[in-house]
Amino acid sequence: MKIIGIPVSDNQPSAQLDERFGRAKYVYIHNMDTNEGKFVENSATDAHGQGPKVIQLLASNSVECIITQNLGSNAFEATTAAGITVYFPKGNGIQENLDAFRENSLTRMEKGTKESH
């Protein structure tokens with residue numbers, strides 16, 4: 001089973017990926033086995049150290065993989081501790097990134113893309 005989390009700007013299927021991982025308004029969580037998804041509101045958008053808090057939110061929703069453009073070093077360390085794999089996106093839409101994941105064509109992120117704030 002693979003459950004994927006994607007930070008997005010809106011809670012609609014047409015939502016675009018949000019480049020601000022910790023400050024994204026929503027995270028789309030998709031179960032690849034059942035092909036079902038849901039939007040979860042990110043309540044940590046104003047908090048200091050929001051990236052690791054979002055990782056906790058994702059881990060509590062059994063997320064195993066994240067697709068995101070940017071991830072701070074502290075948040076990346078939190079993904080490692082939680083056993084969550086991170087991938088760079090291919091495009092801005094939810095469906096195109098789910099398709100790319102299915103096709104095994106996403107690049108794995110090996111370290112945080114930004115220094116922590």
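Throughout, read-outs are computed from the coordinates displayed, never taken from laboratory work. This is a predicted model, so every value here is computed, not measured. When we count neighbours, we look across all protein chains shown, and the Cβ atoms used for this are built from the backbone with ideal geometry, even at glycine.
Some points to look at:
- Strands (runs of 3 or more DSSP E) wholly inside the stretch 22-117 that include at least 2 residues being surrounded by fewer than 17 Cβ atoms within 10 Å (Cβ to Cβ), at negative phi and polar (S, T, N, Q): none
- Scanning the stretch 1-46 for residues that are in contact with a Ser or Thr (Cβ under 9 Å, 6 or more places away or on another chain), within 17 Å of residue 93 (Cβ to Cβ), without any contact (Cβ under 8 Å) to a residue 60 or more places away in the chain and among the small types (Gly, Ala, Ser) returns a single hit, 24.
- For the stretch 86-117, a tally of residues being among the β-branched types (Val, Ile, Thr) and under 18 Å from residue 51 (Cα atoms) returns 2.
- Evaluated against (1) over 20 Å from residue 33 (Cα atoms); (2) in contact with a Lys or Arg (Cβ under 7 Å, 6 or more places away or on another chain), residue 82 falls short on exactly one condition, (2).
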